[in-house]
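Below is one structure, written out as structure tokens; comments come after it.
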Amino acid sequence: MRSPICAFLGHVDAGKTSIMDAIRDTMNAYKETGGLTQNIGSTEVPTDRIKEIASDLLSKFNINIKVPSIIFIDSPGHEAFVTLRKRGASIADIAILTVDITEGIQNQTIESIEILKSYKTPFLIALTKIDTIRGFYKLENSSFIDFIAKQNQDYAQKLDEKVYNIISDFLNYGFEAERYDRIKEFTKQIAVIPLSSVNGIGIKDLIVMIIGLSQRYLELEKQESNSAAILEEKNVKGLGKVYDAIVYSGKISVGDSVIVQTQDGTAEDKIKGIMRLIPLEESRENFGKYESLSSIEATAPIRLILREPNAMIGTSIIVFSSEEEKRKIIEDINKENVGQNNDESKGLVVCADSIGSIDAIKNIASSFGIEVGKTKIGEPSKIDITTAGVNGGALMCFNVSISRQTEGIAEEYGVKIISANSIYTLFDSYNEFERELKNMNLEKKLERLKLPSKFVFIKGNIFRRSSPCVFGVEVLAGEIRPNYPVINSKGERIGRIIDIESDKMKLNKAVKGEKVAISVDDAVYGRNILEGDVLYTDISMPDVMKFDDISAELTDDYREALSETRKIKGI
């Protein structure tokens, strides 16, 4: 039986790292910048330490430890969970959702709940900071059962009220929970373990629950495939680029040929070095302490050295031993990454910081009935924006920077960039965008688009030949507005309308049947424009495609101008 992988989730400052400090007997929470975890860390807690912490409770519940250790993953928010990725799912066997008993369910708690639901991962609720409730009587390093038995009635009642308020809140998200010592059927209720990390209260209860549930309900048999998940990338003096990883399946060895995923797709590589993280060491703290090995079996936290270190965080390295096996692995990865960097994919365009984040977004989007199309790791490009313009007009960006240039391109193409560092906020903003779009009347929808038009240069109405060219036109169909680009009937760009005037008054538009004077910046009479020329608004392909949804609401002349524009541009 292999070691279970246990990942922490929860709102920032809910006490995830403090729980690990209590288990390891360390002080890492106080060493983090601002007291907050900055990156992903892993720790292996061996059987000896588990027995040292919780032997009395293990005996009480008649639990015999069969696993060699527990692998804990700690990180800011949910990042470790979505990065622990195996074929579109998390490699975590079980999760601990930390909830501050005084704060209850917060934004990142909700986000974590949605992620757990989408991955269908079993979890426990660690209800932290019970020492902050008035009347608390310290009983260091005790089980919660012993602790609560020795508290006064007033404290016990206040604690129960807070516990059941939070349990009631979890019902709103589809989970039935109960204080762990009152559960009769663990397959039907989520176990809640109240605890105080700083006093070591309830820590042994948490450990015992992880061991008991993992050994009884989880599949911890060793698997045939030989794989490791990449958590973090680091530069280490004397070693160069290395990866913090978890061997989650089978066995890997120095010299193994592996398939890795890079920004440019799948690639073949070789394992150059393996260093195992020493039990109870933490991979974040001074890079932890390691021992070099020639091979290692699942489950284990390691430092991995590759011959060509181009692997992406949040992906797996997979060992192969034949060309046929290599082909099958690449084929499976390509199936899994359908939509990645594919401009032809239909649906919402998503740019994120890692494949793991994209997985989480896809899963949550699916639960909301939202179709995800093209996906990309990194900042969106112009082609991503134009693709988003065709596929609904929104571009979702998670944990990636957006430059001013990118914002300008999005504005030019009428694309709404929805950007956030929280998946919860991301979908909240997207749903708001969808509601606004749905409630828009035709006039507001049209304000977002460059409208089609067809107009003719009236003979004998040239007022200025260039810089800008000013001439009279009659609008034959649709409408023209300032700043609209202009093409001729051959699709050649003429210029951009600067102003529209009638009787020396500037207008914000001119519609079918109206005769007005317009000024066009790059037009030169006699060179690229002549009297009698029929002209059109130059509409971008994304805008043309958006008219498909509202064409039935347009009048005949707008549809006529749009149809002719499409023919000219070959759309």
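The values are calculated or read from the model by the stated rules, or taken from the named source; none is laboratory data. Small disclaimer: the values here were computed from a predicted structure and weren't measured. For neighbour counting, all protein chains shown are included, and Cβ atoms are generated from backbone atoms with ideal geometry for every residue, glycine included.
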* Structure fact -> For segment 102-147, the count of residues that are touching a strand residue (DSSP E or B) at 6+ places or on another chain (Cβ under 8 Å), hydrophobic (A, V, I, L, M, F, W, C) and within 15 Å of Asp205 (Cβ to Cβ) equals 8
* **Filtered residues of segment 347-371 (kept if under 13 Å from Gly392 (Cβ atoms) and either crowded, with 21+ Cβ neighbours inside 10 Å or in contact with a Cys (Cβ under 6 Å, 6 or more places away or on another chain) (or both))** => Leu348, Val349, Val350, Ala365
* To do: Sort out for me the helices (runs of 4 or more DSSP H) sitting completely within segment 29-119 that have 3 or more residues that are of a type outside the set (Asp, Glu), surrounded by fewer than 19 Cβ atoms within 10 Å (Cβ to Cβ) and modelled with pLDDT of 65 or more.
  => 47-60, 107-119
* Could you say which residue among Glu176, Glu140 is of a type in the set (D, E, K, R) and over 21 Å from Ser197 (Cα atoms)? -> Glu176
* Structure fact -> If we ask which residues in segment 273-286 are within 11 Å of Tyr243 (Cβ to Cβ) and at pLDDT 85 or above, their number turns out to be 3
* Asked: Do any helices (runs of 4 or more DSSP H) lying entirely in segment 382-490 carry at least 2 residues that are small (Gly, Ala, Ser) and outside the structural domain of Leu116 (by TED's automatic domain parsing), and which ones are they?
  -> 382-390, 404-412
* For segment 155-172, which residues satisfy the criterion of being surrounded by 11 or more Cβ atoms within 10 Å (Cβ to Cβ) and over 19 Å from Thr128 (Cβ atoms)? -> Gln157
* Asked: Quick one: would you say Leu159 is part of a helix (DSSP H, G or I), within 23 Å of Ala22 (Cβ to Cβ) and hydrophobic (A, V, I, L, M, F, W, C)?
  -> yes
* Criterion: touching a Gly at 6+ places or on another chain (Cβ under 7 Å), farther than 30 Å from Ser143 by Cβ and of a type outside the set (Asp, Glu) - qualifying residue of Val254, Val242, Val258 -> Val254
* Asked: Which one of these is assigned to a strand (DSSP E or B) and either within 24 Å of Ala7 (Cα to Cα) or in the same structural domain as Thr375 (by TED's automatic domain parsing) (or both): Ile318, Ile259, Ile313?
  -> Ile318
* Looking only at segment 493-510, which residues are touching a residue at least 12 places away in the same chain (Cβ under 8 Å) and within 16 Å of Ile458 (Cβ to Cβ)? -> Ile494, Ile497, Ile500, Glu501, Ser502, Ala510
* **Filter result for the condition that a residue is assigned by TED's automatic domain parsing to the domain that holds Glu297, closer than 20 Å to Asp353 by Cα and modelled with pLDDT of 90 or more, over Val254, Val242** => Val242
* Please specify each residue of segment 233-280 satisfying the condition of being more than 13 Å from Ile296 (Cα to Cα) and surrounded by 20 or more Cβ atoms within 10 Å (Cβ to Cβ). => Val242, Tyr243, Asp244, Val258, Ile259, Val260, Gln261
* To do: Name, by its number, the condition in (1) out of contact with any helix residue (DSSP H, G or I) (no Cβ under 9 Å at 6 or more places or on another chain); (2) more than 25 Å from Gly356 (Cα to Cα) that does not hold for Gly414.
  => (1)
* To do: Quick one: count up the residues across segment 121-137 that are of a type in the set (Val, Ile, Thr) and in contact with an Asp or Glu (Cβ under 9 Å, 6 or more places away or on another chain).
  => 3
* Structure fact -> When every residue in segment 219-233 that is outside any strand (DSSP E or B) and acidic (Asp, Glu) is compared, the one farthest from Met275 (Cα to Cα) is Glu219
* To do: Scan Ser551, Ser540, Ser519 and give me the residue that is assigned by TED's automatic domain parsing to the domain that holds Val473, buried (at least 17 other Cβ atoms within 10 Å of the Cβ), of a type in the set (S, T, N, Q) and free of Cβ contacts under 8 Å to residues at least 60 places away in the same chain.
  => Ser519
* Asked: If only one of Ile183, Ile193, Ile211 is surrounded by fewer than 20 Cβ atoms within 10 Å (Cβ to Cβ) and hydrophobic (A, V, I, L, M, F, W, C), which one is it?
  -> Ile183
